[in-house]
Amino acid sequence: MRRLAYLVGLSLGAGHAPFWPGTFGAAVGLLFAASLMALAWPVKLAGLVLLFVIGVWASAAVAADTGLEDPQIVVVDESFGAAAVVLVLPFDPLWWAAGFIAFRAFDILKPFPVNWVQDKVKGGLGIMLDDAAAAVYAILLLLPASWLLGN
């Protein structure tokens, strides 16, 4: 189970990227989202919920194993956040690029309450939840824009 926790927590190894592991983890999220695109919305939602739940378990396991509260190698949270954002946007390279960039910006800048979640919610849930909050910001920014532009 330890190996599975690392496989999931490090998003198939993206957490070992020599630089910007979170960005590489978010890129894995785009691949995950692309794999769900042809499916019905309830299945997409179930896939995201499953990734979140398994991500909580995996990130908690890796954190406990490393002795770090939020190890930099754990990037399943970025994979989840990026996937959540782009799945609600039009399936178009420009919208997905905008979703990727907006998610990463909110994840890095951590505006309130993203920073509050990161500081107050501990363990695997905290690791995953602050990226979910960053994803909500990106969705609130981009989804209305996509509607206004008729996409």
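The values are calculated or read from the model by the stated rules, or taken from the named source; none is laboratory data. No experiment lies behind these values; they were computed from the predicted model shown. Heads up, the Cβs are rebuilt from the backbone with ideal geometry, glycines too, and the neighbour counts pull from every protein chain shown. We work out accessible area using only protein heavy atoms, side chains counted, and drop any ligands, DNA or RNA first. Shrake-Rupley method; radii C 1.70, N 1.55, O 1.52, S 1.80 Å.
Please state the equivalent ellipsoid semi-axes for segment 44-143: what are the square roots of 5 times the Cα gyration tensor eigenvalues, largest first, in whole Å?
Taking √(5λ) for each eigenvalue gives 23, 15, 11 Å, largest first.
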What are the radius of gyration and Dmax of segment 1-88, computed over its Cα atoms and given in Å?
12.5, 40
Accessible area of the chain belonging to carbon and sulfur atoms, whole % at 1.4 Å probe:
74
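With N set to the number of residues, divide the alpha-carbon radius of gyration of segment 55-98 by 2.2 N^0.38 Å and report two decimals.
1.50
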Two-decimal ratio, segment 98-149, of alpha-carbon radius of gyration to 2.2 N^0.38 Å:
1.19
Excluding PRO71 itself, calculate the net charge of residues whose Cβ lies under 12 Å from the Cβ of PRO71, where each Lys or Arg counts +1 and each Asp or Glu counts -1.
-4
Could you order peptides 36-47, 131-142, 59-70 by the average number of other Cβ atoms within 10 Å of their residues, highest first?
131-142, 59-70, 36-47
If the reach is capped at under 19 angstrom between alpha carbons, list the lysines near LYS110, excluding any in the same chain fewer than eight residues apart.
LYS120, LYS122
Quickly estimate the mean residue ellipticity at 222 nm for the chain, helices only: each DSSP H run with n ≥ 4 gives -39500 (n - 2.57), and the total goes over all residues, rounded to 500.
-24500 deg cm²/dmol
I want the local charge near PHE106. Using Cβ-Cβ distances under 13 Å, sum +1 for each Lys or Arg and -1 for each Asp or Glu among the other residues.
-3
If you roll a 1.4 Å probe over the heavy atoms of the protein chains, what accessible area per residue do you get for segment 29-151, in Å²?
50
When the chain is modelled as a GNM with alpha-carbon springs shorter than 10 Å, which of PHE80, PHE100, PHE19 fluctuates the most?
PHE19
